[in-house]
1. Among Arg121, Arg117, Arg107, which is the only one that is modelled with pLDDT of 70 or more, under 30 Å from Met167 (Cα atoms), part of a strand (DSSP E or B) and of a type outside the set (A, V, I, L, M)?
2. For Asn92, which of the numbered conditions (1) at pLDDT 85 or above; (2) over 26 Å from Ile172 (Cβ atoms) fails to hold?
3. Across the stretch 172-185, what is the total count of residues that are in contact (Cβ under 8 Å) with a residue 60 or more places away in the chain and either farther than 13 Å from Lys104 by Cα or not in a helix (DSSP H, G or I) (or both)?
4. Take the residues of the stretch 58-84 that are of a type in the set (Ser, Thr, Tyr) and on the phi < 0 side of the Ramachandran plot: which is surrounded by the fewest Cβ atoms within 10 Å (Cβ to Cβ)?
5. Just to verify a result, which residue in the stretch 137-171, among those that are in contact with a strand residue (DSSP E or B) (Cβ under 9 Å, 6 or more places away or on another chain), among the β-branched types (Val, Ile, Thr) and at pLDDT below 95, is farthest from Asp103 (Cα to Cα)?
6. If I filter the stretch 110-146 down to residues being of a type in the set (A, V, I, L, M, F, W, C) and over 18 Å from His181 (Cα atoms), which single residue comes out as surrounded by the most Cβ atoms within 10 Å (Cβ to Cβ)?
Amino acid sequence: MRKYQKAIIKATAKEVLLSIFDLATPFFEASSVYRVSAKKYREERGIEQSNFKEKISYLKRHGLIEELVESKEKYLELTTKGIDRIRADTFNNPIRNNLGKWDKKWRVVIFDIPEKRKTSRDILRHKLVRMGFEKIQESVYVFPFECTNQISTLAEQLLITKNVLIMISDIIQGEEEIIDHFINKGVLSEDDLR
């Protein structure tokens, strides 16, 4: 493979993975058929037609999706391989505590996501738990280390940026219990409290 081909593949890999994630969002609904209208998805994401066709072609070549036509409408459907890839890529990367000593600030994520975006809401909740967040109320999660970029990126991918608020707080009422939880999980240590 030529050097410039490798560079192109490397440069587009992130965008392709994000596209897989974007395509997965509607598929996590409790439906027996994992499909979405190609036209509707492209319009929601604001992707140019040629760029969209390239991404779809890549995903089809790698066996992650298949294209179906039903009543003159094109649909994209995840294959079993695609579903497995999405689960592996989107839910198995907890935030690592490589940031040194805790700065004694809480990262609080609050969201109010409408029912029409229920799937995105469920994915966000699941992802926050997988990342190590502690749920302190129904739509309020907390974490002791920097994670705003990861959460902002996730909200952007799920098309819910306007519905997610990230705060940094010095104090949370009842934080002793939260601190104990993070110590028990190994996220915080006794040294972090000094």
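The values are calculated or read from the model by the stated rules, or taken from the named source; none is laboratory data. As the structure is a computational prediction, the values presented were derived from the model and not from experiment. Backbone-built Cβ (ideal geometry, glycine too); neighbour counts: all protein chains shown.
1. Values: Arg121 fails: part of a strand (DSSP E or B); Arg117 fails: part of a strand (DSSP E or B).
Step by step, each of Arg121, Arg117, Arg107 is checked, and only Arg107 is modelled with pLDDT of 70 or more, under 30 Å from Met167 (Cα atoms), part of a strand (DSSP E or B) and of a type outside the set (A, V, I, L, M).
2. Asn92 satisfies every listed condition except (1).
3. Of the residues in that region, 1 qualify.
4. Pass one, the stretch 58-84, residues of a type in the set (Ser, Thr, Tyr): 58, 71, 75, 79-80.
Filter once more, so that each one left must be on the phi < 0 side of the Ramachandran plot: 58, 75, 79-80.
Numbers: Tyr58: 18, Tyr75: 19, Thr79: 16, Thr80: 10.
Among them, the one singled out is Thr80.
5. As a first pass, look at the stretch 137-171 and keep what is in contact with a strand residue (DSSP E or B) (Cβ under 9 Å, 6 or more places away or on another chain): 137, 139-148, 151-152, 154-155, 158, 160, 163-171.
Going one step further and asking which of them are among the β-branched types (Val, Ile, Thr), we end up with 140, 142, 148, 151, 160, 164, 166, 168, 171.
Still in the running and at pLDDT below 95: 148, 151, 160, 171.
Working: Thr148: 15, Ile151: 19, Ile160: 28, Ile171: 12 Å.
The extreme case among them is Ile160.
6. Looking only at the stretch 110-146, we keep the residues that are of a type in the set (A, V, I, L, M, F, W, C), and these are 110-111, 113, 123-124, 128-129, 131, 133, 136, 140, 142-143, 145.
Checking which are over 18 Å from His181 (Cα atoms) leaves us with 110-111, 113, 123-124.
Details: Ile110: 15, Phe111: 20, Ile113: 20, Ile123: 21, Leu124: 24.
So, considering only residues that are of a type in the set (A, V, I, L, M, F, W, C) and over 18 Å from His181 (Cα atoms), the one surrounded by the most Cβ atoms within 10 Å (Cβ to Cβ) is Leu124.
Yes/no matrix, rows are residues, columns are (1) in contact with a Leu (Cβ under 6 Å, 6 or more places away or on another chain); (2) over 22 Å from Leu188 (Cα atoms):
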| site | (1), (2) |
| --- | --- |
| Asp122 | no, yes |
| His126 | no, no |
| Ser139 | no, yes |
| Phe145 | yes, no |
| Thr148 | no, no |
| Thr153 | no, yes |
| Thr161 | no, yes |
